[in-house]
Amino acid sequence: MATKEQKEPEPADIIRPILNTSKWWYIGFGAAAAVALVWLAAFGFQLQEGLIVTNLADWGSGGGVTWGLYIGAFIWWVGIAHGGIILSAAVRLFGMTKYQPVARMAELLTLSALAMAGLYIVVHMGRPDRLVTSVVNAYPWTVQTSPLAWDVTVITLYFVMTATYIGLTLRYDTYQLRDRLPDILSPLYSVVLIGYSEKEDEVIERMVWWLALGIIVMAPLLLHGGVIPWLFSLIPSMPGWDGAIQGPQFLSIALTSALSGVIILAYSTRIAYDWDHIFTDRVVRGLTNWLGIFSLMFVWLQLQQVINGLFAAHVRPEVVMTAKLANPVYQMAIGIMAVVLAYIFAQAVKPSVFSQTRSLIASFGVLIATLSEKILFVYEGLAYPQFGLYDQVPGHYTPSLVELSSLAGTVALCAIIFMVILKLFPVIELHAVEGHDDHDEEVSS
Amino acid sequence: MSADDTNDESKHPYETEDSFHPLGAEWEDQMRDELEDTEFDADLGMEMARDAQRLVAGELSEEEFYAEYHEDIEDEFEVDERPVFDDIDDVDLDAAEDESMLESLTDVDFENEDTSRREMMKKMGAGAAFLGYGAYATYDQDDEQIPENVSGIRPADKDEREHRWGMVIDLERCDGCLSCVTGCINENGTSTGANWMYVFTYDDEDTDQQNFLVRPCQHCSNAPCAKVCPVRARHVRSKDGLVLTDYEICIGCRYCQVACPYGVNYFQWGEPDVPMSDLENLEMRPEEVRSLDEEERHKKLSEANDHVYDERGRWTDSRPPKGVMGKCTMCPSRQDGHTDNPKGTVACQDACDEAGMSAIHFGDLDDPESRPNTYLERRQEVEESPKEKSEKFEDAEDYEQPPAPHPVSQLPTFKLLEDLNTEPNVTYIGNQPGANATETPEERPVPYESLSNDWGVKVVAERKEHLDYGARANGGLEEGEGEA
Ligand code: SF4
Ligand code: SF4
Ligand code: SF4
């Protein structure tokens with residue numbers, strides 16, 4: 001990946017996706033739409049037949065697990081979303097201009113991932129038709145006691161915050177680039193620009209900074225280090241979920257997943273729109289190094305849990321940990337993380353080992369590992385409860401096709417959302433190319 | 001109780017030297033400043049506020065709080081014009097929720113009309129009002145002021161509730177005949193594998209004999225399942241402590257099942273095996289049933305021998321509909337007295353009695369004369385008197401240990417997973433299964449699969465296989481679905 005002479009990034013670059021649409025975009029869109037439709041059909045089938053089309057069952061004498069892939073995927077998506085917004089907030093808050101080109105991508109990832117998480121709540125429920133009426137009615141009381149009510153609150157809050165955040169920064173870009181954007185979309189742009197005046201830029205910059213601060217502060221306290229793990233760690237009867245370590249664990253998983261997602265988005269758009277002078281090797285390498293740090297944290301926290309569970313633990317935590325270690329899915333997840341870490345350390349020591357493609361593969365690996373770990377986490381908790389008398393009840397859980405198709409379906413939907421936004425707004429901030437620092441030398445081999 | 005109180009009573013964490021308020025010393029100082037600006041005693045205000053915090057924490061009763069300050073307040077304000085606590089009920093607590101505490105307090109109908117409310121509020125000082133009554137209102141609202149269509153998660157206090165239903169189950173009498181399982185299925189029309197009543201046959205390390213554990217829902221007084229429900233479908237009926245699911249509200253998130261330590265919940269994954277039309281019920285929509293006045297409702301439900309609604313007109317009894325959670329209900333339609341079966345009985349107990357075992361004893365645990373309490377007492381007496389014991393049990397050799405030197409009960413009793421603080425309302429007589437107890441399905445005296453019931457529903461011990469079959473049977477579309 002040695003680079004030739006350095007092109008200067010300019011505003012024309014970032015609006016290219018809006019002006020030109022290649023056949024690859026249509027092919028990609030068509031494929032994603034097809035997958036999404038297949039899943040929507042499967043979901044329709046589930047609505048009609050009930051959750052019996054999943055392979056979930058009752059824990060206890062039922063011999064199954066009542067939460068499975070749907071909840072695992074839900075926390076995975078929320079993790080990506082929370083991680084994404086933390087990344088973007090960090091870029092803004094700490095003025096990490098090097099990463100400014102990926103800031104908005106991370107935000108867009110957050111929005112679409114949150115939407116998928118929300119969708120999973122609906123898909124998971126036995127009576128989604130009652131969602132609004134039932135929740136609203138008792139909300140002032142349930143919010144005092146039910147971690148699930150906290151989750152719904154936080155996801156809504158986060159959706160609003162992220163949308164505000166993106167909305168605010170988009171206004172500036174849209175205003176500046178307006179003349180060069182297609183006329184056909186001008187009604188949309190006028191809506192975005194309602195009441196815009198140049199004077200607001202400074203105010204908005206300050207607001208965005210405060211929002212970023214809020215996000216950074218809230219993330220570990222409340223969001224992915226808080227209410228999401230509390231959903232599980234506050235249930236004392238499931239030793240697999242127990243413990244205060246779940247907060248940091250969830251947060252590390254969120255950050256690794258989100259970084260991987262951002263690397264994948266950067267890589268794909270770089271190929272599609274010749275953005276190699278924007279998503280330079282230097283940027284991607286930096287992201288890869290961060291991925292290494294958080295992956296290490298992830299593995300470290302797993303180690304803590306396993307050792308604490310195994311060494312002279314009470315009977316049940318030991319049972320869970322032994323089962324977890326013996327599970328091939330867990331072995332695979334940790335194996336992937338080990339390979340990823342090996343690559344990241346190698347490229348940190350020896351730059352020639354780095355390549356964008358390798359980082360891309362590592363990112364996919366991490367996403368698969370975190371998703372498997374999340375689903376397994378949900379499963380293990382319910383499969384090895386404190387009340388051990390049910391152990392002899394035969395049972396197993398392999399997600400059904402309907403459940404599995406939801407993974408493909410939500411990934412496809414997420415891609416669709418991103419592809420549509422790509423055609424409407426610049427996915428790289430104008431600031432990132434305007435103020436592009438020239439001494440951003442390429443790291444070349 | 002005042003500030004110069006020197007004894008070492010347990011101190012509330014807020015009650016430190018520096019600051020008692022959760023918002024911290026700064027906030028407290030600000031409040032004090034505001035109080036000092038008024039012409040009234042700032043120390044008294046702050047002290048009241050401090051105790052109000054303790055009131056919230058439950059360390060102080062309302063009466064104590066009131067009594068403590070009545071005289072002080074009279075001196076200070078000439079007359080105690082604070083709202084008496086009955087008046088507080090008039091405050092719209094919903095409004096209080098959105099922090100308009102001051103405003104809602106001004107709605108209180110004070111007895112003394114000489115002083116306008118506004119003036120009164122001024123007198124009390126903004127600080128004391130916020131800290132004191134603001135805190136009081138939060139406390140109050142949690143416990144009582146929830147509207148009728150939202151249920152609570154705790155039984156009412158002992159003197160306010162009518163009953164506390166529960167069971168004493170004598171495991172030493174159980175022989176694993178599973179009559180109770182059938183009895184429950186007959187009563188509730190549950191689907192295959194949803195064994196609301198389940199009986200374990202298990203081996204324990206320290207005994208050779210076969211052990212049984214009869215496991216209905218424990219109807220916990222501190223029920224984690226009710227706490228976590230995001231819509232309060234799962235709730236604890238305050239008048240009698242029954243833990244029920246409102247089938248009209250439940251969204252099927254299954255968090256209750258996740259939070260219950262005992263694994264007693266059974267979700268309705270597909271269509272129920274027993275159609276609604278076969279259940280004994282009043283042919284009315286739940287909202288119509290609820291709209292009737294109490295007497296009318298009771299009359300209608302009794303005429304229909306209804307087994308679906310409870311006395312509040314909520315659909316909480318019999319098997320749940322598709323997509324909704326079910327579990328042992330302790331038969332609320334019986335406890336509300338509108339079925340042909342007497343109040344104070346449950347179907348599993350009836351079946352157990354009929355089988356001649358009488359291991360299950362259901363009744364009001366608050367009532368010393370109730371069946372479970374008298375049974376437990378009697379069993380304890382028998383256990384204490386070796387003579388009676390040997391008369392009662394044929395095999396006297398098994399009980400050769402000398403009688404206890406003092407009359408302490410030797411009868412082993414336990415509650416399941418008591419240290420999880422769920423306050424279960426089922427007490428077992430017998431030995432608690434040890435940490436390494438293992439279920440031995442192959443040794444069941446009567447297999448679940450051999451049970452027959454009134455509905456012709458198939459019975460199985462474990463449900464997973466059955467549900468998997470259902471998934472496959474419904475899998476038409478899945479065949480054609482490509483993995484993307
Ligand atoms: S046993 Fe389980 S379902 Fe029954 S009240 Fe207790 S926690 Fe709830
Ligand atoms: S499944 Fe129903 S009753 Fe249980 S927690 Fe969810 S909404 Fe409440
Ligand atoms: S109390 Fe009623 S619902 Fe519970 S197991 Fe017995 S018969 Fe079934």
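The values are calculated or read from the model by the stated rules, or taken from the named source; none is laboratory data. Predicted model, so just to flag it, every value in this text is computed and none were measured. Methodologically, a virtual Cβ is constructed for each residue, glycine included, from the backbone with ideal geometry; neighbour enumeration extends over all protein chains shown. Surface areas here come from the heavy atoms of the whole protein model, side chains and all, with no ligands, DNA or RNA. Shrake-Rupley method; radii C 1.70, N 1.55, O 1.52, S 1.80 Å.
When ligands, DNA and RNA are left out and all protein chains stay put, how many square angstrom of accessible area per residue does region A:131-171 have with a 1.4 Å probe?
Numbers: 1590 Å² over 41 residues.
Result: 39 Å² of accessible area for each residue.
Are there any residues in region B:318-364 with a reduction of at least 50 Å² in accessible surface when going from the isolated chain to the assembly of protein chains? Probe 1.4 Å, please list them by number.
For region B:318-364, once contacts with the other chains are taken into account, B:LYS322 lose 50 Å² or more.
With a cap of 11 neighbouring Cβ atoms within 10 Å, and only residues DSSP puts in a loop, list the trypsin sites (Lys or Arg not before Pro) found in region A:168-270.
Details: sites: A:ARG171, A:ARG178, A:ARG180, A:LYS199, A:ARG206, A:ARG270; in loops: A:LYS199.
Taking region A:168-270 and a limit of 11 other Cβ atoms within 10 Å, the loop trypsin sites (Lys or Arg not before Pro) found are A:LYS199.
Computed FRET efficiency, Cβ-Cβ of A:TRP300 and A:PHE94, R0 22 Å: what is it to the nearest 0.05?
Values: r = 24 Å, r/R0 = 1.07.
The formula returns an efficiency of 0.40 here.
Got a number for carbon plus sulfur as a percent of region A:182-280's accessible area, 1.4 Å probe? Present the calculation step by step, with values, prior to reporting the outcome.
On the way: 2740 of 4000 Å².
Roughly 68 percent of what the probe reaches on region A:182-280 is carbon or sulfur.
Could you work out how far the C-alpha centroid of region A:64-140 sits from that of region A:332-375, in angstrom?
For region A:64-140 versus region A:332-375, the Cα centre distance is 23 Å.
Would you kindly state the longest site-free stretch of chain A, with sites defined as GluC sites (Glu not before Pro) in a DSSP loop (not H, G, I, E, B) surrounded by at most 12 other Cβ atoms within 10 Å? Provide the component values of the computation, followed by the final result.
Details: sites that count: A:GLU5, A:GLU198, A:GLU441.
Between exposed loop sites, the widest span is A:199-440.
How many Å² of accessible surface get buried when A and B come together, counting both sides, probe radius 1.4 Å, rounded to the nearest 100? Intermediate results must be reported in sequence, preceding the final value.
Numbers: alone 20170 and 25250 Å², together 39750 Å².
So the total buried area for this chain pair works out to about 5700 Å².
Are there residues in region A:364-393 whose accessible area shrinks by at least 20 Å² when all protein chains are included rather than the chain by itself, and which are they (probe 1.4 Å, ligands and nucleic acids not counted)?
Buried by the other chains: A:GLN386, A:PHE387, A:LEU389, A:TYR390, A:GLN392, A:VAL393.
What's the local net charge at B:VAL214, with K and R +1, D and E -1, over the other residues with C-beta under 12 Å away?
Values: positive: B:ARG173, B:ARG215; negative: B:ASP170, B:GLU172, B:ASP175.
Neighbour charge sum, excluding B:VAL214 itself: -1.
Out of the chymotrypsin sites (Phe, Trp or Tyr not before Pro) in region A:341-428, which ones are loop residues according to DSSP with at most 11 other C-beta atoms within 10 Å? Don't skip to the answer; put the middle values down first.
Values: sites: A:TYR343, A:PHE345, A:PHE354, A:PHE364, A:PHE377, A:TYR379, A:PHE387, A:TYR390, A:TYR397, A:PHE418; in loops: A:PHE354, A:PHE387, A:TYR397.
When the chymotrypsin sites (Phe, Trp or Tyr not before Pro) of region A:341-428 are filtered for loop state and at most 11 Cβ neighbours within 10 Å, nothing remains.
Explain nothing, just compute: Karplus ³J(HN,Hα) = 6.51 cos²θ - 1.76 cosθ + 1.60, θ = phi - 60°, for every residue of region A:293-305 in order, whole Hz, x for Gly and Pro.
For region A:293-305, the Karplus-derived couplings read 4, 6, 5, 4, 4, 4, 5, 4, 5, 4, 4, 4, 5 Hz, x marking Gly and Pro.
Which of the residues in region A:395-418 lose at least 40 Å² of accessible area when you go from the chain alone to all protein chains together (probe 1.4 Å)?
Residues shielded by partner chains are A:HIS396, A:LEU401.
Could you sort A:LEU413, A:LEU382 by their accessible area in this structure, using a 1.4 Å probe and putting the largest first? Could the numbers behind the result be given before it?
Values: A:LEU413 40, A:LEU382 5 Å².
Order by accessible area, largest first: A:LEU413, A:LEU382.
Residues with beta-carbon under 11 Å from that of A:ILE235, excluding A:ILE235: net charge, scoring Lys, Arg +1 and Asp, Glu -1? Intermediate values should be presented prior to the final figure.
Values: positive: B:LYS227; negative: A:ASP242.
Its environment carries a net charge of 0.
For region B:280-290, take each phi angle, set θ = phi - 60°, evaluate the Karplus expression 6.51 cos²θ - 1.76 cosθ + 1.60, and give the result in whole Hz per residue in order, putting x for glycine and proline.
6, 7, 6, 6, 9, 5, x, 5, 5, 4, 5
Could you sort A:TRP230, A:TRP77 by their accessible area in this structure, using a 1.4 Å probe and putting the largest first? Mind showing how you got there, number by number?
Working: A:TRP230 85, A:TRP77 10 Å².
Ranked list, largest accessible area first: A:TRP230, A:TRP77.
Using the Cβ atoms and a cut-off under 12 Å, what net charge is assigned to the surroundings of A:ASP201, where Lys and Arg are +1 and Asp and Glu are -1?
Working: positive: A:ARG171, A:LYS199, A:ARG206; negative: A:ASP173, A:GLU198, A:GLU200, A:GLU202, A:GLU205.
Here the count lands on -2.
Just to confirm my numbers, what's the Cα centroid distance between region A:262-305 and region A:176-232 in Å?
23 Å
List the GluC sites (Glu not before Pro) within region B:163-248 that fall in a DSSP loop (any state other than H, G, I, E or B) and whose Cβ has at most 13 other Cβ atoms within 10 Å. Numbers along the way, then the final one.
Details: sites: B:GLU172, B:GLU187, B:GLU205, B:GLU248; in loops: B:GLU172, B:GLU205, B:GLU248.
Passing both the DSSP loop test and the Cβ count: B:GLU205.
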